[in-house]
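Trainee: Structure provided below as structure tokens; questions to follow.
Every number in this text was worked out from the coordinates using simple rules, so none of it is lab data. All values reported here derive from a predicted model rather than from experimental measurement. Heads up, the Cβs are rebuilt from the backbone with ideal geometry, glycines too, and the neighbour counts pull from every protein chain shown.
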């Protein structure tokens, strides 16, 4: 759709597309043998003095992912240590004018184009690059996400792979997308995904697989498949389906294991949507065990639909901390219909509340992916956290070595916060802050010490 949006410095015009490349695939090399081989593989296989109102949940021990041997014996590239200051990543790179210039500002690219791999690596050898696939849709061929095949192609070559809605006629298309949905629970489909995407990604300098739309809810009415022309029902077609969740977990487990068994191992970093599941739901820990990191597209702005507030905001911070404590990376997207000072401070301050050693953030307009959104404000020398966040004067605060972070996650209430006498700060934009500050609903402040 066409819409005019406000953008901050250097935010380029980006196409309005779901966080997915909807694209077809080319005719594959013999994947039957690859499927059998893969099946055999799987079978073997502190706060300040104001902390009187401190949060009661335990603080995770700060850790960060180190370069560890995979099952193949080859070390997996480590994520950047994000302990100091603000860390950023890119969501796609298809609108970058100069990837080599952009590379120095980012730790990670979720969905890097093959043509940009060398350009990213040259100025920033440690940048973490992932290759994009959909976890259940036809994602084209390696290096060409536009080369998807038609429904007729799949019905001719692999009719038992096509996933249908409960009317037994309509494929379970996601987002109205014509890319054919495949039965991700079939081990042969996973083997084909590994052979078609992961293996060449491993051989072409990537560090991981960015798996899109890994949704723990059956959001598009998927129901069943045809095997030898006979209908086999797999799911109820309802959003909340334990069988669907278990099959998603199985896909993650098999894909994670297969990626770590490659000659040059790859990490698995899905765009994970938990639906109505709490981060504390028992299945969530099982999911976390089978990934190396998580992309959260909803962020603190609910996909651009509003703000994450109240207990939902607090749970998001706790989940963010928990992942990092388990040596998992956490990548956070915040989308806004217009981007001004208030939106940036909300996103940055919320991020800094849960930042430990392996998390980075991205800000854009709604679905405004693919471009360089870096601005000098993200070089703010806030330093590192000196303790966990805590509650004070009805808001949350976290002390940093060179400043103070404040967030009011309330959806409706405003609060005034009186800073300690003598404290002098300036905000991300260089404006002086002291005395009492007003915190409107869903607002944040990044305050740096002024000399």
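Trainee: If R₀ is 30 angstrom, what is the calculated FRET efficiency for the pair residue 342 and residue 276, using the beta carbon separation as r and rounding to 0.05? It would help to have the intermediate numbers written out before the result.
Mentor: Details: r = 29 Å, r/R0 = 0.96.
For R0 = 30 Å, the calculated efficiency reads 0.55.
Trainee: Separate question: Quick one: work out the % antiparallel among DSSP beta bridges in the stretch 31-385, nearest 5. List each step's numbers first, then the result.
Mentor: Details: 11 of 39 bridges.
Roughly 30 percent of the DSSP beta bridges within the stretch 31-385 come out antiparallel.
Trainee: I need to check one value: relative contact order of the stretch 397-451, counting alpha carbon pairs closer than 8 Å and at least 6 residues apart, in percent. Could you put the intermediate results ahead of the total?
Mentor: Numbers: 105 pairs, mean separation 24.4, N = 55.
For the stretch 397-451, the relative contact order is 44 percent.
Trainee: Tell me the label-point distance for the pair residue 420, residue 150, using the 7 Å Cα-to-Cβ offset, in nm and rounded to one decimal.
Mentor: 7.1
Trainee: Does the stretch 198-339 come out rounded, prolate or oblate by the C-alpha gyration tensor, with a ≥ b ≥ c the root eigenvalues, rounded set by a/c under 1.5 and, if not, prolate when a/b is larger than b/c and oblate if not? Numbers along the way, then the final one.
Mentor: Working: a/c = 1.75, a/b = 1.13, b/c = 1.54.
It comes out oblate by the Cα gyration axes.
Trainee: Can you tell me the order of 92-105, 414-427 when each peptide is scored by its average per-residue count of other Cβ atoms within 10 angstrom, highest first? Each step should come with its number before you reach the end.
Mentor: On the way: 92-105: 17.7, 414-427: 13.5.
The most tightly packed comes first, giving 92-105, 414-427.
Trainee: I've got another one for you. Need one word for the stretch 181-225: rounded, prolate or oblate. Basis is the Cα gyration tensor (sqrt eigenvalues a ≥ b ≥ c); a/c below 1.5 gives rounded, then a/b vs b/c decides.
Mentor: On the way: a/c = 4.04, a/b = 1.82, b/c = 2.22.
Oblate shape, in that a/c is at least 1.5 and b/c is the bigger or equal ratio.
Trainee: What is the distance, in nm, between label points placed 7 Å from the Cα along the Cα-to-Cβ direction at residue 100 and at residue 204?
Mentor: Result for the modelled spin labels: 2.1 nm.
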